[in-house]
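*Asks:* So that we are looking at the same thing, I have put the structure below in structure tokens.
Values in this text are rule-based calculations from the coordinates and carry no lab data. Every value quoted in this text rests on a predicted model; they were computed, and no experiment measured them. Neighbour counts are summed over all protein chains in view; Cβ atoms, including those assigned to glycine, are modelled from backbone coordinates with ideal geometry.
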Amino acid sequence: MSSDAIVLLKDDHKHIKKLFRDFQGAGENATKTKGDLVTKIIEALTVHTYLENEVMYPEVRKLLPDLEDDVLESYEEHHVADVLCTELFAMQPSDERFDAKTTVLIENVSHHIDEEENDWFPKVRAGLSRKTLQDIGAQMADMRDKAPRSPAQPSALKKTVDAIIK
């Protein structure tokens with residue numbers, strides 16, 4: 001398995017997009033299935049955004065200062081996803097707005113993934129050496145097991161608070 005940071009993040013994106021497709025294809029009355037999928041989506045997004053916020057973004061911000069605006073926008077897009085995940089975490093799949101809120105989450109995160117993969121990742125790959133990307137990827141891989149899996153965990157809550165006060 002590659003330790004290249006961009007490869008690792010793209011692998012996460014593939015997994016997340018599959019969960020999105022599964023939710024969208026589950027059918028109108030598949031309440032339990034949708035609830036189970038949203039639980040998986042929340043976990044995948046919580047881990048992914050934590051790794052990007054704690055490792056990838058700070059490293060890129062330090063090493064490629066020209067990408068500062070992109071990083072700041074990404075932090076804000078993560079914050080929106082975190083808020084939606086926190087709200088979904090507190091909801092029941094049978095709640096009136098559960099499907100609508102999940103759809104908004106999917107739309108926002110899909111936009112973010114497209115921007116990263118089509119615009120930001122190529123800039124990062126062009127600006128950083130292969131070794132640097134492997135080092136960043138190794139840091140992310142080391143942190144993955146310790147990453148929060150729920151928006152209610154203290155390290156995930158800290159990430160949300162940081163987005164507001166920084």
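*Asks:* What is the distance, in nm, between label points placed 7 Å from the Cα along the Cα-to-Cβ direction at Glu28 and at Glu68?
*Replies:* Between Glu28 and Glu68, the label points sit 5.2 nm apart.
*Asks:* Which FRET efficiency value, to the nearest 0.05, do you get for Val80 and Lys131 by plugging their Cβ-Cβ distance into 1/(1 + (r/R0)^6) with R0 = 25 Å? Don't skip to the end; give the middle numbers.
*Replies:* Working: r = 33 Å, r/R0 = 1.33.
That gives a FRET efficiency of 0.15.
*Asks:* Over 19 Å between C-alpha atoms is what I'm after, so list which of Lys17/Lys40; Lys17/Lys101; Lys40/Lys101; Lys10/Lys101 land there. Numbers along the way, then the final one.
*Replies:* Values: Lys17/Lys40 12 Å; Lys17/Lys101 16 Å; Lys40/Lys101 15 Å; Lys10/Lys101 24 Å.
Long pairs (Cα-Cα over 19 Å): Lys10/Lys101.
*Asks:* Give the angle, between 0 and 90 degrees and rounded to the nearest 10, that separates the Cα long axis of helix 5-24 from the longest principal axis of the Cα atoms of the chain.
*Replies:* Helix 5-24 sits roughly 10 degrees off the main axis of the chain.
*Asks:* Please give the Cα centre distance for the range 121-141 versus the range 1-73, rounded to the nearest Å.
*Replies:* First find each Cα centre; the distance between them is then 17 Å.
*Asks:* Tell me the angle of helix 31-51 to the major Cα principal axis of the chain, expressed in degrees between 0 and 90 and rounded to the nearest ten.
*Replies:* Compared with the principal axis, the helix lies near 20 degrees.
*Asks:* How much length is gained if the chain between Val104 and Phe89 is pulled fully straight, taking 0.36 nm per residue apart and subtracting their Cα-Cα distance, in nm to one decimal?
*Replies:* Numbers: separation 15, 0.36 × 15 = 5.40 nm, distance 1.45 nm.
This chain segment gains 3.9 nm when fully extended.
*Asks:* Counting pairs of alpha carbon atoms under 8 Å apart in space and at least six apart in sequence, what relative contact order in percent does the chain give? Walk me through the intermediate numbers first.
*Replies:* On the way: 140 pairs, mean separation 67.9, N = 166.
For the chain, the relative contact order is 41 percent.
*Asks:* I'd like the orientation of helix 154-165 relative to the chain: the angle between its Cα long axis and the longest Cα principal axis, in ° from 0 to 90, rounded to 10.
*Replies:* With rounding to tens, the tilt is 70 degrees.
*Asks:* Still on this structure, I have one more. For Val104, what is the net charge nearby, where nearby means another residue's Cβ is under 11 Å from its Cβ and Lys, Arg count +1, Asp, Glu -1?
*Replies:* Numbers: positive: Arg97, Lys101; negative: Glu87, Asp99, Glu107.
Here the charged neighbours net out to -1.
*Asks:* For the range 5-165, just run the numbers: alpha carbon Rg, then divide by 2.2 N^0.38 Å, N being how many residues it has.
*Replies:* Numbers: Rg = 15.8 Å, N = 161, 2.2 N^0.38 = 15.2 Å.
Normalised Rg, Cα atoms only: 1.04.
*Asks:* Can you work out the Karplus-derived ³J(HN,Hα) for every residue in the range 130-137? Use 6.51 cos²θ - 1.76 cosθ + 1.60 with θ = phi - 60°, whole Hz, and x for glycine or proline.
*Replies:* Once θ is set to phi - 60°, the couplings for the range 130-137 become 4, 4, 4, 5, 5, 5, 5, x Hz.
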